[in-house]
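Student: The structure that follows is given in the form of structure tokens.
The values are calculated or read from the model by the stated rules, or taken from the named source; none is laboratory data. Being a predicted model, the structure only gives us computed values, none of them experimental. Every residue, glycine as well, gets a Cβ built from its backbone with ideal geometry; the counts of neighbours run over all protein chains shown.
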2 protein chains.
Amino acid sequence: MIKVSVMYPNGPGVRFDHDYYRDKHMPMLKSRMGESLRFYTVDKGLAGAAPGEPAPYVGMCHLFCDSVEAFQAGFGPHAQEIMADIPNYTDQSPVIQISEVVKG
Amino acid sequence: MIKVSVMYPNGPGVRFDHDYYRDKHMPMLKSRMGESLRFYTVDKGLAGAAPGEPAPYVGMCHLFCDSVEAFQAGFGPHAQEIMADIPNYTDQSPVIQISEVVKG
């Protein structure tokens, strides 16, 4: 299994609509990717490591797929529509990582 | 539920022993934190978003706890021992984030 982590950098004045992300964007992405997206998780940044330090990322999602090929097959045909929705919830560009799930 | 994400930056020449991390460090952390750590996941960085781009993080773990207080109560007394093990698997210092699990 692989995990695609989509991480939105935090910072002063960053705009991120967590409700829209959870209730609109992520369900839309799931509906477009269908079974190629096995499941997904959503995080809301609370804090960094030191007291008073902000979270490095304001929000994240993690997409779990059988393989990189399965992700590409499911995401690719809908990439334009999914990416075009980003300005509806944030002014940030995500940091993206593909990982092997060593322990799920 | 909260998630503590521990993310080790990638880069040229970075040292990271994924076997030690999975088989020694993480089980040691779990044994020290006990039930305050509900469960954890481990990722190995494979790639970035663009073809040929490296993963932003060479390895990550995510620690799931009932609350920030539960994490602090379980981790705090063993922090020194756990942190002292880091050089045994990497030369990197982790980026750490505490998140609310919006969708688990």
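Student: Can you find a residue that is within 8 Å of chain A (Cβ to nearest Cβ), surrounded by 16 or more Cβ atoms within 10 Å (Cβ to Cβ) and among the polar types (S, T, N, Q) anywhere in the stretch B:80-99?
Tutor: So far as the stretch B:80-99 goes, yes, one or more of its residues are within 8 Å of chain A (Cβ to nearest Cβ), surrounded by 16 or more Cβ atoms within 10 Å (Cβ to Cβ) and among the polar types (S, T, N, Q).
Student: Has the stretch B:15-27 got at least one residue that is closer than 18 Å to residue A:95 by Cβ, more than 14 Å from the chain's Cα centre (by Cα) and outside any helix (DSSP H, G or I)?
Tutor: For the stretch B:15-27, residues closer than 18 Å to residue A:95 by Cβ, more than 14 Å from the chain's Cα centre (by Cα) and outside any helix (DSSP H, G or I): absent.
Student: Are any residues in the stretch B:37-51 buried (at least 19 other Cβ atoms within 10 Å of the Cβ) and in contact with a Cys (Cβ under 7 Å, 6 or more places away or on another chain), and if so, which ones?
Tutor: B:37, B:40, B:41, B:42
Student: Scan the stretch B:75-85 and tell me whether some residue there is touching a strand residue (DSSP E or B) at 6+ places or on another chain (Cβ under 9 Å) and either modelled with pLDDT under 95 or farther than 18 Å from residue A:47 by Cα (or both).
Tutor: no
Student: Mind counting the residues in the stretch A:89-104 that are more than 14 Å from the chain's Cα centre (by Cα) and part of a strand (DSSP E or B)?
Tutor: Number satisfying all stated conditions: 4.
Student: Residues in the stretch A:34-88 that are of a type in the set (A, V, I, L, M, F, W, C) and either touching a Pro at 6+ places or on another chain (Cβ under 6 Å) or assigned to a helix (DSSP H, G or I) (or both): how many?
Tutor: 10
Student: Same structure, new question: Residues of the stretch B:21-36 being within 12 Å of chain A (Cβ to nearest Cβ) and surrounded by fewer than 17 Cβ atoms within 10 Å (Cβ to Cβ), which ones?
Tutor: Across the stretch B:21-36, the qualifying residues are B:23, B:27, B:30.
Student: If you check residue A:66 against the conditions, is it within 13 Å of the chain's Cα centre (by Cα), over 15 Å from residue B:97 (Cα atoms), away from every other protein chain (no Cβ under 11 Å) and in contact (Cβ under 8 Å) with a residue 24 or more places away in the chain?
Tutor: No; evaluated as a whole, the condition is false for this residue.
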